[in-house]
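The block underneath contains the structure these notes are about, expressed in C-alpha cells.
Where a number appears in this text, it was derived from the coordinates with a stated rule and is not lab data. Because the structure is a prediction, the values reported are computed rather than measured. Because the Cβ atoms are built from the backbone with ideal geometry, glycine has one as well, and the counts that use them run over all protein chains shown.
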Amino acid sequence: MFYGAMVWDPWLIVAQIVCLQCLYYLGLGLFMALLVGTRVPRLTLLYLFDFATLTPRTTTGWCAIASFLLAAIAGAGFMFYVIERAKKCLDFAATLYIIHLFICIIYGGWPASGTWWVVNIVGLAIMSLLGEYLCIRRELKDIPVRLRASKQLCPNEFVFFHFP
C-alpha cells in the first residue's frame, strides 16, 4: 500500500476496528486461559469484563493484571499488521479501550476500582507506544530497488535502467 494521498474509507476503518478488537479479545482470552484459567475452577467472561477481578490483593488478581498487560503487548503486534501506520496507532488503541470501557459498563457497571483504571491506562500506553514503535521501524526501512540493465554494459555506453 502506498502511503501518499490517503482516501478516507469508513468501511476500512470500521473493519480495522472490528478486527483489532476481536484480535485483542482473542489474545486476552488466551492469556487469561493460560494464567487465570489454571487457578480458577471455571473461567468466565467475568474475568474479562468485571472490574473487581483486577485486584492486587490476590494471586489470581495479579494473573488477571498480567493477562491484560500481555494482551496490550499482543495488541501492539496486531496493530503492526492490521493498522500499519504509526500515526494511527494512538487512535485505534484509544478506540479499542473506549469500546472495552463501554462493554465493561454494560457487563458490570461503572469501573469503581482504581486498579482497573491504572491497568487499562497503562495497557493503552503500552499498546499505542509499542505499536507506533513497530510501525515506525517498518516505515523507516529502506525500499529495495532492483536495477536491471537493458543490455550488456560497455565502458563507453550510457545505460538506461528499467524499474520494475
³J(HN,Hα) across region 10-23 via Karplus (A = 6.51, B = -1.76, C = 1.60, θ = phi - 60°), whole Hz, x for Gly/Pro? x, 5, 5, 5, 5, 5, 5, 5, 5, 5, 5, 5, 5, 5
Local net charge near A94, Cβ-Cβ under 14 Å (Lys/Arg +1, Asp/Glu -1): 0
Could you grab the relative contact order for the chain? Cα pairs under 8 Å, six or more apart, rounded to a whole percent. 24
For region 87-101, 3J(HN,Hα) per residue [Karplus equation, 6.51 cos²θ - 1.76 cosθ + 1.60, θ = phi - 60°, Hz, x = Gly/Pro]: 6, 9, 5, 4, 4, 6, 5, 5, 4, 4, 6, 5, 4, 4, 4
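Once you list every other residue whose beta carbon is under 15 Å from the beta carbon of E139, what net charge do they have if Lys and Arg are +1 and Asp and Glu are -1?
Working: positive: R85, K87, K88, R137, R138, K141; negative: E84, E132, D142.
The answer is +3.
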With springs only between Cα atoms under 10 Å, which of I143, I103, I126 fluctuates most in a Gaussian network model of the chain? I143
Given (i) 1, 8, 15, 17, 14, 11, 8, 6, 5, 4, 3, 3, 2, 2, 2, 1, 0; (ii) 2, 8, 14, 15, 15, 15, 12, 8, 5, 3, 2, 1, 0; (iii) 2, 8, 16, 21, 22, 17, 9, 4, 1, 0 as candidate values of P(r) over Cα pairs in 5 Å bins from 0, in percent, which corresponds to the one derived from the coordinates? (i)
For a distance above 15 Å, tell me the whole-number percent of Cα pairs in region 72-150 that qualify. 61
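Could you tally the net charge around Q16, taking each other residue with its Cβ under 13 Å from the Cβ of Q16, Lys/Arg +1 and Asp/Glu -1?
Numbers: positive: R85, K88; negative: D9, E84, D91.
Result for the neighbourhood of Q16: -1.
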Length gained when the stretch A94-Y81 is fully extended (0.36 nm per residue, less Cα-Cα span): 2.9 nm
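Which value at 222 nm does the chain reach when only helices count, each DSSP H run of 4 or more adding -39,500 (n - 2.57), with the total divided by all residues and rounded to the nearest 500 deg cm²/dmol?
Numbers: 5 runs with 100 residues, N = 164.
Counting only the DSSP helices, I get -21000 deg cm²/dmol.
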